[in-house]
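Enquirer: This is the structure, below, for whatever I ask next.
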Amino acid sequence: MNKVEGIIFDFDGTLFDSQHIWESLDSDYLKSIGKLPKPGLKEEVSSFTLTQGAEFLKKEYSIDLSVDEIITGIKQRVADEYIYRVQPKDGAVKAVTQAHELGIKMCVASTNTAELIKAAAKRCGLDRYFCGYISGSDLNINKSTPRIYDIACKQLGTQKENTWVFEDMLFGVTSAKKGGFKAAAVYDEYSNQSRVEMEAVADVYLESMRDWKRIYD
């Protein structure tokens, strides 16, 4: 049986059913300010933090607003979803509570902002189980490297070889493995096109968070 000291959870698409919010967000924002989105925009910004995405949009579309103003405009479009509406994925609440009962330390590492994800976690009663929220947007780092997971692991105070990263996106799973972490890939409809690759890279592929204990196999 594998020893599990800590778990680093991604948020959108892993713990919470919220990836749909981001699917057309950048395109919708550009349209709202009179800009025509180019083909492939979603794929271009998929691994970016909010700040990196705003910097990209400003440069690529010659937006006459500051990066901070672009970020504010984007956040205003999604804030209500996190504060009032988004819900945990099937099995996520039970997985977190069971992990807590087993004495596993947990935190969240996301490219989203800590403000938004904490609001959703608190509303759904999960905030008390996490020792912190590491936000790539707040730190201006993405998941193309393992750095965000290293920061999260340090906050947990766990040994890397006994710390699991739960991710729904291929780039997250790949970076976690490159960083020396155990990786659990979690099914989400918005990343299902990368399923074969994730199954090959991850230590375990979970059809649902209900199956989280498979990390002990």
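The values are calculated or read from the model by the stated rules, or taken from the named source; none is laboratory data. Given the structure is predicted, the values throughout are model-derived calculations rather than measurements. Glycine gets a Cβ as well: all are built from the backbone with ideal geometry, and neighbour counts include every protein chain shown.
Enquirer: Scanning the range 1-25 for residues that are charged (D, E, K, R) and either in contact with a Leu (Cβ under 6 Å, 6 or more places away or on another chain) or in a loop (DSSP other than H, G, I, E, B) (or both), which turns out surrounded by the most Cβ atoms within 10 Å (Cβ to Cβ)?
Expert: In the first step, residues of the range 1-25 are kept if they are charged (D, E, K, R); the result is 3, 5, 10, 12, 17, 23.
Filter again for either in contact with a Leu (Cβ under 6 Å, 6 or more places away or on another chain) or in a loop (DSSP other than H, G, I, E, B) (or both), leaving 3, 5, 10, 17.
On the way: Lys3: 8, Glu5: 17, Asp10: 27, Asp17: 18.
By that ranking, first place goes to Asp10.
Enquirer: To continue, here is another question. Identify all residues within the range 95-115 that are small (Gly, Ala, Ser) and free of Cβ contacts under 8 Å to residues at least 24 places away in the same chain; write none if there are none. Lay out the reasoning, then the answer.
Expert: Residues of the range 95-115 that are small (Gly, Ala, Ser), as a first pass: 95, 99, 103, 109-110, 114.
Passing the criteria: only Gly103.
Enquirer: Continuing with the same structure: Do we find a residue being at positive phi and touching a helix residue (DSSP H, G or I) at 6+ places or on another chain (Cβ under 8 Å) anywhere in the range 176-185?
Expert: Within the range 176-185, the first condition is being at positive phi, and the residues that meet it are 180.
Among the residues that remain, those that are also touching a helix residue (DSSP H, G or I) at 6+ places or on another chain (Cβ under 8 Å) are: 180.
Yes, the conditions are met somewhere in the range 176-185.
Enquirer: For the condition among the aliphatic types (A, V, I, L, M), modelled with pLDDT under 90 and under 22 Å from Ser137 (Cα atoms), what is the one hit in Leu25, Leu30, Leu15?
Expert: From the options Leu25, Leu30, Leu15, the qualifying one is Leu25.
Enquirer: Please find, within the range 146-169, the residue that is nearest to Glu189 (Cα to Cα) out of those that are among the hydrophobic types (A, V, I, L, M, F, W, C) and in contact with a strand residue (DSSP E or B) (Cβ under 8 Å, 6 or more places away or on another chain). It would help to see each step written out before you state the result.
Expert: Quick first cut of the range 146-169, residues among the hydrophobic types (A, V, I, L, M, F, W, C) only: 148, 151-153, 156, 164-166, 169.
With in contact with a strand residue (DSSP E or B) (Cβ under 8 Å, 6 or more places away or on another chain) added as a condition, the list becomes 148, 151-153, 156, 164-166.
Values: Ile148: 24, Ile151: 28, Ala152: 26, Cys153: 28, Leu156: 30, Trp164: 22, Val165: 19, Phe166: 16 Å.
Among them, the one singled out is Phe166.
Enquirer: While we're looking at this one, here's another question. Where in the range 128-217 are there strands (runs of 3 or more DSSP E), lying wholly inside it, with at least 1 residues that are of a type in the set (D, E, K, R) and closer than 22 Å to Lys42 by Cβ? Show your work before the answer.
Expert: Numbers: elements: 133-135, 163-167, 182-186, 204-206.
Strands (runs of 3 or more DSSP E) meeting the threshold: 163-167.
Conditions (1) closer than 16 Å to Gly6 by Cβ; (2) modelled with pLDDT under 95; (3) surrounded by 20 or more Cβ atoms within 10 Å (Cβ to Cβ), marked per residue:
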position	(1), (2), (3)
Ile134	yes, no, yes
Ser137	no, yes, yes
Asn162	yes, no, no
Leu170	no, no, yes
Val196	no, no, no
Asp211	no, no, no
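Enquirer: Looking at the range 28-109, what helices (runs of 4 or more DSSP H) fall wholly within it and have at least 2 residues that are among the charged types (D, E, K, R), exposed (fewer than 14 other Cβ atoms within 10 Å of the Cβ) and not assigned by TED's automatic domain parsing to the domain that holds Gly13? Walk me through how you get there before you give the answer.
Expert: Working: elements: 41-45, 50-60, 67-80, 92-101.
Result: 67-80.
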